[in-house]
Amino acid sequence: MFAFFYKIMYNNGGHLIDTGNEDFCMRIGFTQGDPADCDFRQQIVTLTATGVDRLFLEETAVPGTIGNQLHEMLDSLQADDVVVIPSLAALSASNTQLIELIDQIYQKNAVLDVLDLRTFQQNTTLKMQRILTATVLESLRYAQKMERKRRREQQRKGIISAQAAGRYRGKQLEYSDTAPDPKKREIYHQIVSLLQATPRVGVSEIMHRTGVARQTVYNIKHRLEKK
């Protein structure tokens with residue numbers, strides 16, 4: 001005989017509602033939000049109406065916070081469990097964080113059921129939900145990759161434009177004759193003098209006298225050799 005139970009446990013601003021059977025793979029609901037927010041309360045009603053066996057609620061006024069209830073939900077997952085969420089944003093508003101969370105779910109052989117995505121509602125078998133979970137994960141990764149590529153391209157165009165206008169000089173060197181820090185400008189000139197001294201002063205001795213790293217001395221030495 002299966003043991004059904006109903007209990008509520010409060011934990012650090014969130015709570016867990018168990019309404020099902022722990023012996024089988026479960027439908028586990030999760031959402032987060034401000035308890036004073038009507039939308040958050042409606043999400044709870046919607047999740048409960050779907051017949052979830054467990055409901056983890058992260059009560060927070062700061063969306064995207066990874067709190068105790070989210071950690072507990074992830075830790076509780078077993079293979080073939082179904083994580084039911086009102087939307088992807090219910091897990092996180094951050095694309096990077098969302099990818100990490102869905103990947104954790106997928107690595108545990110659990111699946112998603114996203115209520116506001118029609119495709120999930122049209123494909124309710126575990127096999128299809130596993131495919132859809134993988135598809136969502138790869139789509140988010142692709143979108144993240146494209147966004148990074150777009151930003152790099154914008155940055156590249158900005159640099160080219162600034163160079164053409166004479167406004168871009170590249171990264172400011174920490175030790176140079178134009179370094180913002182006057183003390184580091186002084187150290188730079190000291191290193192240059194030692195490198196050009198006769199008899200020659202070794203790199204180790206220059207490090208000892210100036211207190212800079214070996215690589216810094218070599219960088220300055222190489223720049224001088226290119227002049």
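Laboratory data are not the source of any read-out in this text; all were calculated from the coordinates shown. Note that this is a predicted model, so its numbers are computed, not measured. When we count neighbours, we look across all protein chains shown, and the Cβ atoms used for this are built from the backbone with ideal geometry, even at glycine.
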TODO: Can you pull the one-decimal nm distance between simple spin-label points at L195 and M146, each 7 Å off the Cα toward Cβ?
DONE: 4.7
TODO: Please list 197-205, 173-181 highest first by mean number of surrounding beta-carbon atoms within 10 Å per residue.
DONE: 173-181, 197-205
- [ ] Along Cα→Cβ, 7 Å out, is where each label goes; now give me the distance between the ones at Q121 and D103 in nm to one decimal.
- [x] 3.1
Task: Label-point separation, E205 to K221 (7 Å along Cα→Cβ), nm - done: 1.3
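For the pairs K157/K183; K183/K226; K184/K226, note any where the Cα-Cα span goes beyond 26 Å.
Values: K157/K183 35 Å; K183/K226 24 Å; K184/K226 21 Å.
Violating the 26 Å Cα-Cα cut-off are K157/K183.
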- [ ] Please provide three numbers in whole Å: the alpha-carbon extents of segment 121-227 along the principal axes, with the largest listed first.
- [x] 81, 37, 24
